[in-house]
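Input: a single structure, listed below in structure tokens.
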Amino acid sequence: MFSTSHGRRVALRTPVSHRVIASAAASLAAALTLSACGGSSNSEAATISLENCGRTVTLSGPAERGVTLNQGATETALSIGAKGQMAGTAYLDDTIAPQWQAAYAEVPALDEKDFPSREALLETKPDLVTASYSSAFDDKAVGSHESFDDLGIATYVSPFGCKDKSKRPAVAWDSIATEITDYGIMFGREDEADAVVAQMRETLTGIEAAAPAKGKSIFWYDSNTTTPYVGANAGGPQLIIDAVGGTNVFAGTDGSWADGSWETVLAANPDVIVLADASWDTAEEKKNYLRGDPALKDLKAVREDAFVVLPFSTTTPGPRTIEGASLVAGQLGGDGA
């Protein structure tokens, strides 16, 4: 699923309860696996209507042929056990989480590297199309929301990806819970969605209590070299940093992700560097760049191999964000993940 080659994690050990983190993470995986396998659904053939990015999503009943266009959307649907109601998936950032891989394998993958063509999408005869990012509903991708409205097909985009940024909620655990709940409503699996949210909150409580990054400064390195693309102060990365009790060196930069500067990183000399592992920019590539740069190689975190690695997909707000927090907490505690 992700790189586990973190090198020596010198100076990352802290006197926290690793059992709390490990137990919470295990409970989370077990609960999500149970949901992914199916289970009870409180679906009823009644009209469904909910607000999404300033639009109204309407279904005549729970979706029976949903198509998910980003990994975040796919994993959200799988997390509530909706595999039997999915007609297709698309566009992976890395690898589907282990607890959902078996369910994912039973759903047709239309295109794992990009959005499918509109023709391929419509061939699945979907009644609902969901995505993590508004770019999916562009004429250069699968087509506009309005074009699907004309065909009687409902569409939904993650509230964090609304095209109109003024419609986006603040990234918070509560707003992540709201999106999971929306999926529960659209697929008629509200009980399963409630269970996922409850487990997320329980796991978060354990991580916050352990606070393995207390007193540590963290540089969240997403991608790029000339100008680093970084975790800023208002997205999934910041949520995770807050959960583990650390301080983001780019806390003064607005946004979920943003262009940072190497000057800021050098001045901060962070204790820990979190590396997002994505198919388009791997953690290993970023490690090699940091170790090979004449200035960056002398950063404390680089010299001490104080790297934390996690899949990019866990940084997209959704049911895997809490997994991202568990992975960071575990590695900071010296247990690895």
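Against the condition open to solvent by less than 60 Å² (accessible area, probe 1.4 Å) and free of Cβ contacts under 8 Å to residues at least 60 places away in the same chain, how does A77 come out, does it pass?
It is false that A77 is open to solvent by less than 60 Å² (accessible area, probe 1.4 Å) and free of Cβ contacts under 8 Å to residues at least 60 places away in the same chain.
Can you find even one residue in the stretch 117-127 that is in contact with a Pro (Cβ under 7 Å, 6 or more places away or on another chain), among the aliphatic types (A, V, I, L, M), surrounded by fewer than 23 Cβ atoms within 10 Å (Cβ to Cβ) and under 29 Å from E190 (Cβ atoms)?
There is no residue in the stretch 117-127 that is in contact with a Pro (Cβ under 7 Å, 6 or more places away or on another chain), among the aliphatic types (A, V, I, L, M), surrounded by fewer than 23 Cβ atoms within 10 Å (Cβ to Cβ) and under 29 Å from E190 (Cβ atoms).
Give the residues of the stretch 133-149 that are open to solvent by less than 40 Å² (accessible area, probe 1.4 Å) and either part of a strand (DSSP E or B) or not aromatic (F, W, Y) (or both), sorted by residue number.
Hits for the stretch 133-149 are S134, A136, A141, V142, G143, S144, H145, S147.
Restricting the stretch 157-167 to residues that are within 28 Å of E202 (Cα to Cα) and at pLDDT 95 or above, which is nearest to the chain's Cα centre (by Cα)?
The selected residue is S158.
Taking the condition of being on the phi < 0 side of the Ramachandran plot, out of contact with any Gly (no Cβ under 6 Å at 6 or more places or on another chain), open to solvent by 50 Å² or more (accessible area, probe 1.4 Å) and part of a loop (DSSP other than H, G, I, E, B), how many residues in the stretch 80-111 meet it?
Of the residues in that region, 2 qualify.
How many residues are charged (D, E, K, R) and either touching a strand residue (DSSP E or B) at 6+ places or on another chain (Cβ under 9 Å) or open to solvent by less than 50 Å² (accessible area, probe 1.4 Å) (or both) when one looks only at the stretch 185-202?
2
Would you be able to tell me the number of residues in the stretch 303-334 that are of a type outside the set (K, R) and surrounded by fewer than 18 Cβ atoms within 10 Å (Cβ to Cβ)?
3
Please indicate, with yes or no, whether at least one residue in the stretch 222-240 is open to solvent by less than 50 Å² (accessible area, probe 1.4 Å), more than 23 Å from G330 (Cα to Cα) and at pLDDT 95 or above.
Taking every residue of the stretch 222-240 in turn, at least one turns out to be open to solvent by less than 50 Å² (accessible area, probe 1.4 Å), more than 23 Å from G330 (Cα to Cα) and at pLDDT 95 or above.
Can you pull out every residue in the stretch 303-337 that is closer than 20 Å to G161 by Cα and not in a helix (DSSP H, G or I)?
Of everything in the stretch 303-337, those that are closer than 20 Å to G161 by Cα and not in a helix (DSSP H, G or I) turn out to be P311, T316, P317, G318, P319, R320.
Inside the stretch 252-277, can you point out the residues that are part of a strand (DSSP E or B), charged (D, E, K, R) and open to solvent by 30 Å² or more (accessible area, probe 1.4 Å)?
The answer is D259, and nothing else.
State all residues of the stretch 44-69 that are under 13 Å from I153 (Cα atoms) and of a type in the set (K, R); if no residue qualifies, say none.
R65
Of the conditions (1) of a type in the set (G, A, S); (2) in contact (Cβ under 8 Å) with a residue 60 or more places away in the chain; (3) at positive phi; (4) open to solvent by 10 Å² or more (accessible area, probe 1.4 Å), G152 satisfies every one except a single condition; which number is it?
Single failed check for G152: (2).
When the residues of the stretch 254-269 are filtered to those that are in contact with a strand residue (DSSP E or B) (Cβ under 7 Å, 6 or more places away or on another chain) and not hydrophobic (A, V, I, L, M, F, W, C), which remaining residue is nearest to D298 (Cα to Cα)?
G260
For the stretch 152-197, which residues satisfy the criterion of being within 24 Å of V244 (Cβ to Cβ) and among the aliphatic types (A, V, I, L, M)?
Across the stretch 152-197, the qualifying residues are A170, V171, A172, I176, A177, I180, V196, V197.
Please identify the pairs in which a residue from the stretch 308-321 that is within 12 Å of I96 (Cα to Cα) has its Cβ atom under 7 Å from the Cβ atom of a residue that is among the aromatic types (F, W, Y), counting only partners at least 6 apart or on another chain.
Listed by first residue and then by second, the contacts come to P311/F2.
Report yes if T130 is in a helix (DSSP H, G or I) and open to solvent by less than 20 Å² (accessible area, probe 1.4 Å), otherwise no.
No: the conditions fail for T130.
Looking at (1) buried (at least 22 other Cβ atoms within 10 Å of the Cβ); (2) in a loop (DSSP other than H, G, I, E, B); (3) not small (G, A, S), can you tell me which one I218 breaks?
Looking at each condition in turn, I218 falls short on (2).
Look through the stretch 281-302, keep the residues that are assigned to a loop (DSSP other than H, G, I, E, B) and not hydroxyl-bearing (S, T, Y), and return whichever of them is surrounded by the fewest Cβ atoms within 10 Å (Cβ to Cβ).
So, considering only residues that are assigned to a loop (DSSP other than H, G, I, E, B) and not hydroxyl-bearing (S, T, Y), the one surrounded by the fewest Cβ atoms within 10 Å (Cβ to Cβ) is P294.
The values are calculated or read from the model by the stated rules, or taken from the named source; none is laboratory data. All of these numbers come straight from a predicted model, not from anything done at the bench. Don't worry about glycine lacking a Cβ; one is built from the backbone with ideal geometry, like all the others, and counts go over all protein chains shown. Surface accessibility is based on the protein's heavy atoms, side chains included, excluding ligands, DNA and RNA. Shrake-Rupley method; radii C 1.70, N 1.55, O 1.52, S 1.80 Å.
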